[in-house]
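To start, the structure itself, in structure tokens.
The values are calculated or read from the model by the stated rules, or taken from the named source; none is laboratory data. Quick caveat, the model's predicted, so the values are computed rather than measured. Quick reminder, even Gly has a Cβ in these numbers, built from the backbone with ideal geometry, and neighbours come from all protein chains shown. Accessible surface areas use protein heavy atoms only, side chains included; no ligands, DNA or RNA. Shrake-Rupley method; radii C 1.70, N 1.55, O 1.52, S 1.80 Å.
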Amino acid sequence: MINSLKNYRQIDIVFVDCMNLLARNYHGISNIQYGGKNMGAFFGTARFIMKVWKEIHTHNIVFIWEGKNSWRKQKYPFYKSNRTYDTQNDFYECVRDVQEVLPLFGISQVSIEGFEADDTVGYLLDKNRGKNCVIVSNDWDWWAYLNDSVQVWYRNGITSRETLSVMFERKYGVANFDVTRIGMFKVFTGDKSDGISGIPRFPRKFAAYLAMRTSSVDGAMLLLKRLNVKWFKKASLNYTVLKQNYELIHLNKLVHVDVEKYISIEKGVYNKEKLIKEFNKRGMVTLSDQL
């Protein structure tokens with residue numbers, strides 16, 4: 001179920017996967033135009049922030065951006081090579097608009113050079129361990145961070161782990177899967193959105209079975225061997241790929257990094273008057289009225 005934020009426990013910090021949120025709004029609210037530009041990313045992001053203010057009564061929102069020079073792309077050039085980007089299109093104009101206006105909301109923006117948003121949120125969650133946090137992303141990789149104090153806002157509200165498990169079952173036919181094990185599942189099945197190949201035709205139910213019982217490639221290989229199934233040979237032939245996938249998918253690279261050298265933190269200061277001007281010059285009077 002989607003829990004109403006009004007009825008949920010007090011949230012200390014909201015961490016937002018910026019590019020994920022902007023892309024969803026850009027494509028999902030494409031009917032909002034102004035000056036010939038798609039303004040969905042800008043409008044949807046502003047509306048989301050004000051929804052958080054209203055429903056969970058916190059201004060402690062952190063927007064997390066992808067850092068430059070991702071270690072994954074440097075080590076594995078194929079990573080996300082299936083994605084094409086046109087930095088001159090109006091989506092990136094919207095991104096730049098949002099980056100400029102976020103400080104006026106009092107929003108903090110964080111990135112870490114060499115690392116992506118899902119690495120960075122792991123670092124920030126560890127720094128704020130014990131606090132009640134919400135992560136905002138439709139990226140299933142972020143499910144790995146869920147625990148008693150970390151929840152996920154999936155689409156329109158805070159989504160229970162049970163609901164995420166049902167979503168997983170609908171997609172793959174696997175019941176009662178612990179969604180925090182999604183990383184190990186993808187080691188075998190791959191992740192097309194990131195250009196990560198798994199073992200061709202590897203059964204999803206079997207991948208889920210392994211993910212629920214093992215935490216490493218070598219552990220999974222031992223289990224496969226003990227089960228004496230035909231997929232042991234297939235996995236053995238793809239052992240290098242599995243190790244590579246584990247490294248790409250599991251989010252632990254910041255543990256041994258002197259983060260202070262690479263982290264960028266921009267703190268904003270709420271300015272209602274300037275926000276209204278920014279909204280009005282983009283034809284978003286309805287947003288101004290909500291401030």
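Name the single residue that is most open to solvent (accessible area, probe 1.4 Å) among those in the stretch 141-155 being within 15 Å of the chain's Cα centre (by Cα) and farther than 25 Å from V257 by Cα.
So the first thing to find is which residues in the stretch 141-155 are within 15 Å of the chain's Cα centre (by Cα), and the list is 141-146, 150-155.
So of that shortlist, the ones also farther than 25 Å from V257 by Cα come out as 151-155.
Values: Q151: 27, V152: 1, W153: 7, Y154: 17, R155: 148 Å².
Of everything passing the filter in the stretch 141-155, R155 is most open to solvent (accessible area, probe 1.4 Å).
In the condition set (1) open to solvent by less than 90 Å² (accessible area, probe 1.4 Å); (2) closer than 30 Å to S81 by Cβ; (3) outside any loop (DSSP other than H, G, I, E, B); (4) of a type outside the set (S, T, N, Q), L254 is compliant with all but (3). Among the conditions (1) closer than 29 Å to K73 by Cβ; (2) assigned to a helix (DSSP H, G or I); (3) of a type in the set (A, V, I, L, M, F, W, C); (4) free of Cβ contacts under 8 Å to residues at least 24 places away in the same chain, V152 misses just one, which is (2).
Going through the stretch 196-215 one residue at a time, which ones are among the small types (G, A, S) and surrounded by fewer than 16 Cβ atoms within 10 Å (Cβ to Cβ)? So that I can check it myself, show each step before the final result.
Residues of the stretch 196-215 among the small types (G, A, S): 197-198, 207-208, 211, 215.
Passing the criteria: S197, S215.
Might you check whether a residue that is outside any loop (DSSP other than H, G, I, E, B), open to solvent by less than 70 Å² (accessible area, probe 1.4 Å), in contact with a strand residue (DSSP E or B) (Cβ under 8 Å, 6 or more places away or on another chain) and within 26 Å of P77 (Cβ to Cβ) occurs anywhere in the stretch 260-280? Yes; the residues of the stretch 260-280 include at least one that is outside any loop (DSSP other than H, G, I, E, B), open to solvent by less than 70 Å² (accessible area, probe 1.4 Å), in contact with a strand residue (DSSP E or B) (Cβ under 8 Å, 6 or more places away or on another chain) and within 26 Å of P77 (Cβ to Cβ).
Filter the stretch 156-167 down to the residues that are open to solvent by 10 Å² or more (accessible area, probe 1.4 Å), assigned to a helix (DSSP H, G or I) and not hydroxyl-bearing (S, T, Y) and list them by number.
Filtering the stretch 156-167 for residues open to solvent by 10 Å² or more (accessible area, probe 1.4 Å) gives 156, 160-163, 165-167.
Add one more test, that the residue is assigned to a helix (DSSP H, G or I), and what stays is 161-163, 165-167.
Scanning the stretch 156-167 gives R161, E162, V166, M167.
Yes or no, residue by residue, for (1) touching a Pro at 6+ places or on another chain (Cβ under 7 Å); (2) open to solvent by 20 Å² or more (accessible area, probe 1.4 Å); (3) more than 27 Å from H250 (Cα to Cα):
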residue: G35; (1), (2), (3): no, yes, yes
residue: F43; (1), (2), (3): no, yes, yes
residue: R47; (1), (2), (3): no, yes, yes
residue: E55; (1), (2), (3): no, yes, yes
residue: V62; (1), (2), (3): no, no, no
residue: V101; (1), (2), (3): no, no, yes
residue: S111; (1), (2), (3): no, yes, no
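For the stretch 195-206, does any single residue satisfy the condition of being among the aliphatic types (A, V, I, L, M), within 18 Å of W71 (Cα to Cα), at pLDDT below 95 and in a helix (DSSP H, G or I)? Scanning the stretch 195-206, I find no residue that is among the aliphatic types (A, V, I, L, M), within 18 Å of W71 (Cα to Cα), at pLDDT below 95 and in a helix (DSSP H, G or I), so the answer is no. Filtered by the rule that a residue be part of a helix (DSSP H, G or I), buried (at least 16 other Cβ atoms within 10 Å of the Cβ) and not small (G, A, S), the stretch 168-187 gives F168, Y172, V179, T180, R181, I182, M184, F185, K186, V187.
Take L224 and decide whether it is under 29 Å from T58 (Cβ atoms) and either touching a residue at least 60 places away in the same chain (Cβ under 8 Å) or open to solvent by less than 60 Å² (accessible area, probe 1.4 Å) (or both).
Details: under 29 Å from T58 (Cβ atoms): no; either touching a residue at least 60 places away in the same chain (Cβ under 8 Å) or open to solvent by less than 60 Å² (accessible area, probe 1.4 Å) (or both): yes.
For L224, the condition - under 29 Å from T58 (Cβ atoms) and either touching a residue at least 60 places away in the same chain (Cβ under 8 Å) or open to solvent by less than 60 Å² (accessible area, probe 1.4 Å) (or both) - is not met.
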